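S.K.: After the structure tokens below, expect a handful of questions from me.
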Amino acid sequence: MKINIAYAPDDKYVNQTIVSMVSALKNNKSHEIEFIIMYSSLTDESVKKLNAIGANVRFLKMDESMFSSLPLSHWVTIQAWFRIKLPDMCEDLDKILYLDCDTLVLGDLGELFNTNLEGKFLAGVKDIWGVNRYVERLGMQSPIYLNSGMLLFNCDYCRREKFFEKIVDFANNNEKIIEFCDQDSINKVVDEKKVVLSPKYNFMDTWWRNGYYEYSGEYEEEYLDAFKNAVIAHCTGPKPAFKGCGNVYKGIWWEYAKLTPIYDELKKDYENSKEPNLGPKLGEKLFSIKNEYAGRTKTKVLRLLGVKIKLGKPLTPEDIDRKYRKKEHRKLSKIKFDVPPFYAEDYNKNTNIDLITISFNNPRVIEYQIKLIRKFLNGNYTQIICDNSNVKEKSEAIRNVCEKLGVTFIRINAKQNPNGYSDSHGIALNWVYQNIVKARQNDFAFLDHDIMPVAPVNIEEYLHGQDFYGAQGCPHKYYILNKGMWYLWPGFSFFRYSAVKNKKANFGKWRRFGFLKVKVVGADTGSANWPVLYSKYNVQNLEFADSLHWNIRQNSPVKDEDIRALAQTDLIQYFDNKNWLHMIDGSEWQDSQGKTEIVYKLFDEILNS
């Protein structure tokens, strides 16, 4: 097999490039290797050294003026942009493997080069940290942000889809949001048209951050295994060619360096190099606030006059992601927008119960809910979608789904609470109660957007013999603080209007100490109805929906102690004798590691059965 490998060195990186090239030759003797060197100004000595390894080398002279308008940084030189022109410069090639100069090829590249790239710009490996924040910053549809140090290009597709022109256009018009220059631009333009590869094809040892990374789930397992099975190692941070490098592949790098004709030069450069100062500088010791890394956690640290003070507890990648998303929620909550309502034919018909869903940023899940409700629910009901999205495009897409399927859509005109998602949910529920429930005066149900009927149900039977029905809230471990307190979780709750119309109903969180605004520990959205409604009833005389937490990957029940750990990646929840399925995190706040698609596939199977 012929394999084409491209690099973009300047004179300073030629020696490291040669070590990478020799490692590729050493481990791919069964393949025909052609190296492509993209350069704008290499000395004759550098060209001579590149040719001296005895390989097939194609030199591509790049015109820097083609990239002169593109953003650079103190660590990104113009050579970093050369890769975006690679497919256009090699019209005779269908695929090219681009590698940064600080890589090592440790295995056979045949399987990688055979990757199916049909309909995709390229293939790459997920970056090692900051992915969710970068995706949000760039407004990407894909949740995966690639590291650009190893990219397998589908040259024909890139040429046909004007890859270079799209990159240049984005970079020139979005400099304010670009942080990582070429890498940001490539990720934004490629977005979902990519293949995500195993981390063994771009293994990054973050020794200079104490091994910190933000992978999780199955991808984390692949990453931990990739150290032993890496095909391409990427020496990020200080390089093995110089003093001060602690990379796990430093020793192996030097073994390949011995095979090059420039080994003596490499040794001399190493001996003349200086240890990098990776610790705090003098000014930083006097005063600085920075992150310290340890394994999978990072801690914000204040240094003041040489004294180190930790600010808060160590944060895991999951904590960091949650914190960032809350920050994004606060930012988006300040943006006001309107989406016109759509009233379906059944909105003005006489029905017994209104099924009211609070939608949020996920049109796909709303479409599943509407279709599953029509398939399985019996009773004289009207479905109403009340939208609380904080992204206008998502809100408009939800409206389009409702109009297509003939279900009423009403945009909630209430100020979102920037303190958190559940606070905003409570505000939305109260707005709906005051503006829709009171106006229609029907019995009503509140449903989360990611809860679906998956078996035949007559919902009018839920309110036979009692004033409300649903899933009971308030974990038992908090009863010591809140003796006997309970409430209905508003994601699955049914009410007789006559039972609440004369009450000061409040579907937010209960503040136990009134004006002090102290939240009851463990009491979530809907708990504010405890003092005005639920406390008036004897809980022993009421029937509630049973609940069962379920591992969708293993198709088995989940123990209580495992619920928190599995919530995002493996967990779903059944209600009412498994007649209803709750996806959990239908708003996709965090990376579900593929759980969401598993649930969607299940919904498709149920709808088609």
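S.K.: Just to be sure I understand the filter: pairs with C-beta atoms under 8 Å, separated by 6 or more residues or on different chains, first member in segment 523-535 and closer than 16 Å to Tyr469 by Cα and aromatic (Phe, Trp, Tyr), second member part of a loop (DSSP other than H, G, I, E, B) and open to solvent by 40 Å² or more (accessible area, probe 1.4 Å). Which pairs pass?
M.R.: Final answer for the pair search is Trp530/Trp510.
S.K.: Can you run down the residue pairs with Cβ atoms below 9 Å, 6 or more apart or on separate chains, where the first is in segment 48-67 and on the phi > 0 side of the Ramachandran plot and the partner is at pLDDT 95 or above?
M.R.: Partner pairs satisfying both residue conditions: Gly54/Leu25; Gly54/Pro261.
S.K.: Which of the following residues is open to solvent by 60 Å² or more (accessible area, probe 1.4 Å) and either within 25 Å of Thr115 (Cβ to Cβ) or not small (Gly, Ala, Ser) (or both): Asp44, Asp10?
M.R.: Going through Asp44, Asp10 in turn, the sole match is Asp44.
S.K.: Right, another one. Determine, yes or no, whether Asn579 is under 30 Å from Gln466 (Cβ atoms), surrounded by fewer than 19 Cβ atoms within 10 Å (Cβ to Cβ) and touching a residue at least 40 places away in the same chain (Cβ under 8 Å).
M.R.: For Asn579, the condition - under 30 Å from Gln466 (Cβ atoms), surrounded by fewer than 19 Cβ atoms within 10 Å (Cβ to Cβ) and touching a residue at least 40 places away in the same chain (Cβ under 8 Å) - is met.
S.K.: So, one more: Only one of Asp604, Asp591 is modelled with pLDDT of 90 or more, open to solvent by 30 Å² or more (accessible area, probe 1.4 Å) and closer than 28 Å to Val391 by Cα. Can you tell me which?
M.R.: Details: Asp591 fails: modelled with pLDDT of 90 or more.
Only one candidate qualifies: Asp604.
S.K.: Here's a follow-up. Could you tell me whether segment 119-132 includes any residue that is among the basic types (Lys, Arg), touching a residue at least 24 places away in the same chain (Cβ under 8 Å) and buried (at least 17 other Cβ atoms within 10 Å of the Cβ)?
M.R.: Among the residues of segment 119-132, at least one is among the basic types (Lys, Arg), touching a residue at least 24 places away in the same chain (Cβ under 8 Å) and buried (at least 17 other Cβ atoms within 10 Å of the Cβ), which makes the answer yes.
S.K.: From the list Val19, Val14, Val47, which residue is over 37 Å from the mean Cα position of the chain (by Cα) and outside any strand (DSSP E or B)? Full working, then the answer.
M.R.: On the way: Val19 fails: over 37 Å from the mean Cα position of the chain (by Cα); Val14 fails: over 37 Å from the mean Cα position of the chain (by Cα).
That would be Val47, the only listed residue that is over 37 Å from the mean Cα position of the chain (by Cα) and outside any strand (DSSP E or B).
S.K.: Still on this structure, please answer the following. When the residues of segment 54-77 are narrowed to those that are open to solvent by 30 Å² or more (accessible area, probe 1.4 Å) and closer than 27 Å to Gly237 by Cβ, which ends up modelled with the highest pLDDT?
M.R.: So the residue we want is Thr77.
S.K.: Right, something else. Which of (1) at pLDDT 90 or above; (2) part of a loop (DSSP other than H, G, I, E, B); (3) closer than 21 Å to Leu112 by Cβ does Phe242 not meet, given it meets every other one?
M.R.: Only one criterion is unmet by Phe242, namely (3).
S.K.: For segment 52-71, indicate whether the set of residues that are closer than 21 Å to Arg159 by Cβ and among the β-branched types (Val, Ile, Thr) is non-empty.
M.R.: Scanning segment 52-71 turns up no residue that is closer than 21 Å to Arg159 by Cβ and among the β-branched types (Val, Ile, Thr).
S.K.: Is it true that Lys166 is under 22 Å from Tyr219 (Cβ atoms) and either modelled with pLDDT of 95 or more or among the charged types (D, E, K, R) (or both)?
M.R.: Considered against the rule, which asks whether it is under 22 Å from Tyr219 (Cβ atoms) and either modelled with pLDDT of 95 or more or among the charged types (D, E, K, R) (or both), Lys166 comes out as no.
S.K.: Which of the residues belonging to segment 396-418 are open to solvent by less than 20 Å² (accessible area, probe 1.4 Å) and at pLDDT 95 or above?
M.R.: Ile398, Val401, Cys402, Val407, Thr408, Phe409, Ile410
S.K.: Which of the following residues is open to solvent by 80 Å² or more (accessible area, probe 1.4 Å), at pLDDT below 85 and over 22 Å from Ile128 (Cα atoms): Leu286, Leu259?
M.R.: Testing whether each residue is open to solvent by 80 Å² or more (accessible area, probe 1.4 Å), at pLDDT below 85 and over 22 Å from Ile128 (Cα atoms) leaves just Leu286.
The values are calculated or read from the model by the stated rules, or taken from the named source; none is laboratory data. Please read these numbers as outputs of a predicted model, since none were measured by experiment. All Cβ positions, even for glycine, are placed from backbone atoms using ideal geometry, and neighbour counts span all protein chains on display. All accessible areas refer to the heavy atoms of the entire protein, side chains included, with ligands and DNA or RNA removed. Shrake-Rupley method; radii C 1.70, N 1.55, O 1.52, S 1.80 Å.
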